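To start, the structure itself, in C-alpha coordinates.
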Amino acid sequence: MTDDTATAETSPTGDLAFVPITGDDLLMWLPESMAYYQASRLRAGDTPEQAEAAVEASRDRFFTDGVLHPEHVLLAIVIDGEDAGWLWLGPWAEGGDAWWVWDVHVREPFRRRGLGRAAMRHAERVAREHGSPTLGLNVFAYNVPAIELYESLGFEAASLHMAKSI
(Lines give C-alpha, C1' and ligand atoms only; values in the text may rest on other atoms or scores of the structure.)
Protein backbone atom coordinates (compact mmCIF):
# COMPACT_ATOMS: atom_id res chain seq x y z
CA MET A 1 0.00 0.00 0.00
CA THR A 2 2.94 2.28 0.29
CA ASP A 3 2.63 5.25 -2.01
CA ASP A 4 3.31 8.95 -2.67
CA THR A 5 5.93 9.70 -0.02
CA ALA A 6 8.08 11.99 -2.13
CA THR A 7 10.08 14.41 -0.03
CA ALA A 8 13.09 16.63 -0.43
CA GLU A 9 16.55 15.69 0.74
CA THR A 10 16.30 18.23 3.52
CA SER A 11 15.35 17.57 7.13
CA PRO A 12 11.94 18.79 8.18
CA THR A 13 11.84 22.06 10.01
CA GLY A 14 9.40 22.50 12.82
CA ASP A 15 8.12 20.37 15.65
CA LEU A 16 7.80 16.83 14.21
CA ALA A 17 5.96 14.11 16.11
CA PHE A 18 4.65 10.63 15.37
CA VAL A 19 1.38 10.22 17.27
CA PRO A 20 -0.56 6.94 17.59
CA ILE A 21 -3.84 6.82 15.67
CA THR A 22 -6.44 5.02 17.78
CA GLY A 23 -10.11 5.06 18.69
CA ASP A 24 -12.25 7.60 16.86
CA ASP A 25 -9.20 8.87 14.97
CA LEU A 26 -8.68 5.36 13.56
CA LEU A 27 -12.33 5.19 12.51
CA MET A 28 -11.90 8.48 10.63
CA TRP A 29 -8.51 7.47 9.15
CA LEU A 30 -9.53 4.05 7.83
CA PRO A 31 -11.97 5.20 5.08
CA GLU A 32 -9.55 7.92 3.95
CA SER A 33 -6.64 5.51 3.83
CA MET A 34 -8.59 2.82 2.00
CA ALA A 35 -9.94 5.34 -0.54
CA TYR A 36 -6.41 6.50 -1.19
CA TYR A 37 -5.25 2.88 -1.55
CA GLN A 38 -8.08 2.14 -3.98
CA ALA A 39 -7.19 5.20 -6.09
CA SER A 40 -3.55 4.12 -6.13
CA ARG A 41 -4.50 0.63 -7.28
CA LEU A 42 -6.63 2.10 -10.07
CA ARG A 43 -3.78 4.38 -11.15
CA ALA A 44 -1.47 1.34 -11.19
CA GLY A 45 -3.79 -0.45 -13.63
CA ASP A 46 -6.27 -2.42 -11.54
CA THR A 47 -9.86 -2.60 -12.72
CA PRO A 48 -12.38 -1.04 -10.32
CA GLU A 49 -13.35 -4.56 -9.22
CA GLN A 50 -9.73 -5.53 -8.55
CA ALA A 51 -9.07 -2.33 -6.61
CA GLU A 52 -12.18 -2.83 -4.47
CA ALA A 53 -11.19 -6.47 -3.82
CA ALA A 54 -7.73 -5.32 -2.69
CA VAL A 55 -9.30 -2.82 -0.29
CA GLU A 56 -11.62 -5.47 1.14
CA ALA A 57 -8.73 -7.93 1.50
CA SER A 58 -6.70 -5.32 3.38
CA ARG A 59 -9.59 -4.50 5.72
CA ASP A 60 -10.24 -8.18 6.36
CA ARG A 61 -6.58 -8.98 6.97
CA PHE A 62 -5.63 -6.09 9.25
CA PHE A 63 -8.75 -4.48 10.76
CA THR A 64 -10.85 -6.82 12.85
CA ASP A 65 -14.06 -5.00 13.75
CA GLY A 66 -12.47 -1.75 12.55
CA VAL A 67 -9.52 -2.10 14.94
CA LEU A 68 -5.97 -2.50 13.66
CA HIS A 69 -4.26 -5.68 14.84
CA PRO A 70 -2.34 -4.89 18.04
CA GLU A 71 1.11 -5.90 16.75
CA HIS A 72 0.90 -3.13 14.13
CA VAL A 73 1.88 0.51 14.64
CA LEU A 74 -0.20 3.31 13.11
CA LEU A 75 1.06 6.84 13.57
CA ALA A 76 0.00 10.30 12.47
CA ILE A 77 2.83 12.41 11.10
CA VAL A 78 2.34 15.73 12.87
CA ILE A 79 4.38 18.84 12.07
CA ASP A 80 3.84 21.99 14.11
CA GLY A 81 0.56 20.57 15.38
CA GLU A 82 -0.80 19.86 11.88
CA ASP A 83 -1.76 16.44 10.55
CA ALA A 84 0.70 15.93 7.71
CA GLY A 85 0.04 12.26 6.96
CA TRP A 86 0.46 8.78 8.38
CA LEU A 87 2.82 5.87 8.82
CA TRP A 88 1.58 2.30 9.24
CA LEU A 89 3.97 -0.57 9.81
CA GLY A 90 4.00 -4.00 11.35
CA PRO A 91 5.07 -7.57 10.84
CA TRP A 92 4.89 -9.02 7.34
CA ALA A 93 3.32 -12.22 8.64
CA GLU A 94 1.72 -13.18 11.91
CA GLY A 95 4.41 -14.34 14.29
CA GLY A 96 7.18 -13.32 11.87
CA ASP A 97 10.08 -11.06 12.72
CA ALA A 98 10.40 -9.23 9.37
CA TRP A 99 8.54 -5.91 9.37
CA TRP A 100 6.83 -4.08 6.55
CA VAL A 101 5.77 -0.50 5.87
CA TRP A 102 2.14 -1.10 4.97
CA ASP A 103 1.44 2.53 4.18
CA VAL A 104 3.15 5.87 4.41
CA HIS A 105 1.48 8.98 3.13
CA VAL A 106 2.46 12.63 3.29
CA ARG A 107 -0.39 14.97 2.49
CA GLU A 108 0.11 17.19 -0.56
CA PRO A 109 0.67 20.52 1.25
CA PHE A 110 3.46 18.95 3.33
CA ARG A 111 5.42 17.22 0.57
CA ARG A 112 8.98 18.10 -0.41
CA ARG A 113 9.80 19.07 3.20
CA GLY A 114 11.61 15.91 4.35
CA LEU A 115 8.63 14.34 6.14
CA GLY A 116 8.62 11.15 4.05
CA ARG A 117 12.32 10.63 4.77
CA ALA A 118 11.78 11.33 8.48
CA ALA A 119 8.83 8.91 8.55
CA MET A 120 10.88 6.17 6.90
CA ARG A 121 13.75 6.66 9.33
CA HIS A 122 11.24 6.49 12.18
CA ALA A 123 9.84 3.27 10.67
CA GLU A 124 13.34 1.77 10.72
CA ARG A 125 13.72 2.64 14.42
CA VAL A 126 10.31 1.18 15.31
CA ALA A 127 10.98 -2.05 13.37
CA ARG A 128 14.42 -2.38 14.97
CA GLU A 129 12.89 -1.85 18.44
CA HIS A 130 10.51 -4.73 17.68
CA GLY A 131 13.44 -6.99 16.82
CA SER A 132 13.01 -6.98 13.05
CA PRO A 133 16.11 -7.70 10.99
CA THR A 134 14.55 -6.16 7.86
CA LEU A 135 12.05 -3.55 6.77
CA GLY A 136 10.22 -4.05 3.49
CA LEU A 137 7.65 -2.13 1.49
CA ASN A 138 5.79 -2.03 -1.79
CA VAL A 139 5.71 1.01 -4.04
CA PHE A 140 3.73 1.46 -7.23
CA ALA A 141 5.99 1.86 -10.27
CA TYR A 142 4.38 5.15 -11.30
CA ASN A 143 5.59 6.75 -8.05
CA VAL A 144 9.13 7.58 -9.16
CA PRO A 145 9.76 10.20 -6.43
CA ALA A 146 8.96 7.62 -3.74
CA ILE A 147 11.17 5.01 -5.42
CA GLU A 148 14.02 7.52 -5.47
CA LEU A 149 13.47 8.28 -1.78
CA TYR A 150 13.49 4.61 -0.83
CA GLU A 151 16.60 3.92 -2.88
CA SER A 152 18.36 6.88 -1.24
CA LEU A 153 17.55 5.28 2.13
CA GLY A 154 19.15 1.98 1.09
CA PHE A 155 16.09 0.02 -0.03
CA GLU A 156 16.69 -2.34 -2.94
CA ALA A 157 14.23 -4.04 -5.27
CA ALA A 158 13.38 -7.52 -4.00
CA SER A 159 11.00 -8.39 -6.83
CA LEU A 160 9.52 -6.67 -9.84
CA HIS A 161 5.99 -7.15 -11.17
CA MET A 162 5.55 -6.01 -14.77
CA ALA A 163 2.53 -5.73 -17.07
CA LYS A 164 1.74 -4.69 -20.61
CA SER A 165 -1.57 -3.49 -22.00
CA ILE A 166 -2.53 -5.51 -25.08
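The values are calculated or read from the model by the stated rules, or taken from the named source; none is laboratory data. A quick note: this is a predicted structure, and the numbers were derived from the prediction, not measured. Cβ: placed from backbone, ideal geometry, glycine included. Neighbour counts: every protein chain shown. Remember, those area values only see protein heavy atoms, side chains included, never the ligands or the DNA or RNA. Shrake-Rupley method; radii C 1.70, N 1.55, O 1.52, S 1.80 Å.
Segment 115-166: which GluC sites (Glu not before Pro) are DSSP loop and have at most 15 other beta-carbon atoms within 10 angstrom?
Listed in order of number, the matching sites are GLU156.
Of all the accessible heavy-atom surface of the chain, with the other protein chains kept in place and a 1.4 Å probe, what percent is carbon and sulfur?
Answer for the chain: carbon and sulfur cover 53 percent of the accessible area.
Which ³J(HN,Hα) values in Hz, rounded to whole numbers, follow from the phi angles of segment 68-80 under the Karplus curve 6.51 cos²θ - 1.76 cosθ + 1.60, where θ = phi - 60° and Gly and Pro get x?
So the Karplus estimates, Gly and Pro as x, are 5, 3, x, 6, 8, 10, 10, 10, 7, 8, 10, 10, 6 Hz.
Local charge sum around SER58 (other residues, Cβ-Cβ under 12 Å, Lys/Arg +1, Asp/Glu -1)?
Its environment carries a net charge of -1.
Roughly how many Å² is the accessible area per residue of the chain, as a whole number, for a 1.4 Å probe?
Accessible area per residue: 56 Å².
Which loop GluC sites (Glu not before Pro) in segment 68-118, with loop taken from DSSP, have no more than 16 other Cβ atoms within 10 angstrom of their Cβ?
GLU71, GLU94
Rounded to the nearest 5, what % of DSSP beta bridges with both residues in the chain are antiparallel?
Bridges in the chain that DSSP calls antiparallel: roughly 90 percent.
Please get the size of the charge dipole for the chain, origin at its Cα centre, with Cβ charges of +1 on Lys and Arg and -1 on Asp and Glu, quoted in debye to the nearest 20.
480 debye
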